[in-house]
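Taking it in order: structure first as structure tokens, then the write-up.
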DNA sequence: TAAATACTTAGACAAATGTCTAATTAATAA
DNA sequence: TTATTAATTAGACATTTGTCTAAGTATTTA
């Protein structure tokens, strides 16, 4: 929990998470999005990994980073103790609104 | 958003929030729960207030602190962008299970 | 093999953070 | 009014944090 809040307490790292929301990225691709040296990027990614917010896998000379949201569920649970669990939807997913009508 | 994560990035401050969940407390009552000097406590409370997580009102020589969860909703909304908004319950509150039975 | 590319590790350093003691302000009690 | 109590403000100081440059490790390409 401590590592989680620590990891989230930085705008660069939060932005990294938002980038990864759209899909996996290599360390270099992430670095391209920031005006910061690669070592600094590497360090931020390390903190995110320590918090369990991202996973990294090596593919050849590239390292791909993937968002891991399971640890955010823990944060969500913590939050619910304050905002009241009434915000949580415990009911089963609603049926699709009828896929026979429109596609897009 | 920055002040919020900053305020939450400390175990003492998070514990303070949990204490206030059970009810309002004066600065002194809060200080009693920690092995830390009052000025340090005061400083932590100040950061919580800056983040909008607590409100403070002066009553005589006492200052009472109250939990303010509205800013946590903002965090909740941010979180939902990651964990998937399906967890959010958007339906109206369910009717009370029948108030004619028990009082408590 | 040698050079280039992708990334991390090591170490320095300024800025931010958490804690303390001492002093200050405000309100109550003697 | 003077003393006491509750709390904050000011300022010092060690630790942590974010950033950088330089160097190191793999991996791919020439």
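The values are calculated or read from the model by the stated rules, or taken from the named source; none is laboratory data. Computed from a predicted model, the values in this text were never measured in an experiment. For neighbour counting, all protein chains shown are included, and Cβ atoms are generated from backbone atoms with ideal geometry for every residue, glycine included.
Test each condition in (1) part of a helix (DSSP H, G or I); (2) away from chain A (no Cβ under 11 Å); (3) crowded, with 17+ Cβ neighbours inside 10 Å for residue B:28 and report the one that comes out false.
Of everything listed in (1) part of a helix (DSSP H, G or I); (2) away from chain A (no Cβ under 11 Å); (3) crowded, with 17+ Cβ neighbours inside 10 Å, residue B:28 misses just condition (3).
Taking residue B:45 as meeting all but one of (1) within 14 Å of chain A (Cβ to nearest Cβ); (2) crowded, with 16+ Cβ neighbours inside 10 Å, write down the number of the exception.
(1)
Filtering region B:1-23 down to residues that are surrounded by fewer than 17 Cβ atoms within 10 Å (Cβ to Cβ), modelled with pLDDT of 95 or more and outside any helix (DSSP H, G or I), which residue is nearest to the other protein chains (Cβ to nearest Cβ)?
Here the residue is B:22.
Quick check on residue B:42: is it modelled with pLDDT under 95 and either part of a helix (DSSP H, G or I) or within 10 Å of DNA strand C (Cβ to nearest atom) (or both)? Spell out the reasoning first.
On the way: modelled with pLDDT under 95: no; either part of a helix (DSSP H, G or I) or within 10 Å of DNA strand C (Cβ to nearest atom) (or both): yes.
Answer is no for this residue.
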